[in-house]
Amino acid sequence: MSSPSKNKGSGFEREVAKFLSELYSESFIRAPGSGAYTGGSNSHRKQVLHENQIRTFKGDIIPGESFPLLNSECKFYADFQFHQLFSESNQLETWLEQLMVAADPDDLNILYMKFNRKGRFVAVQASVPWVTSCNYFRYTSVKHGTWMIYSFNTFFELNSSIVKTHSKS
């Protein structure tokens, strides 16, 4: 039997997959067992898998067919210390590392975050020309460069077409 926190995280992964499926009219699903089967110390597995298998096991969400370069990680936690964004956030650094260890050089990497009583957010690399509003935050990771953190809904209202464009081969 799964722990309550694992169930909570899995539920958020399904929530994100359902949202993306409805937004793009394609099938996005939670990765079986979740997590980066081909990331980090498991990167050797890429040697024996074909391209579609690698894409299937990268990240928490298996993207729709026309999104081969989309790499996603989902995190649902009770709380997040937002004030740490003004310096170095160990928690955010850990999540970015998990996202990036599974990433390939041309991937569009998105970190989805949800916090109890605070809402849903996304973090995306600032190197992509995102449409911005006044409601985003720039965070500079020592290891992974500059990221933009948006509220989930605002990000997709402004950037859903850019996500699709930058997720294609």
(request) Quick one: count up the residues across segment 16-66 that are at pLDDT 90 or above, touching a helix residue (DSSP H, G or I) at 6+ places or on another chain (Cβ under 7 Å) and either among the aromatic types (F, W, Y) or more than 24 Å from T94 (Cβ to Cβ) (or both). (result) 6
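Give the residues of segment 10-28 that are in a loop (DSSP other than H, G, I, E, B) and not hydroxyl-bearing (S, T, Y), sorted by residue number.
E26, F28
The values are calculated or read from the model by the stated rules, or taken from the named source; none is laboratory data. Keep in mind that what you see is a predicted model, and the values were worked out from it rather than measured. Here the Cβ is made from the backbone with ideal geometry for all residues, glycine too, and neighbour counts use every protein chain on show.
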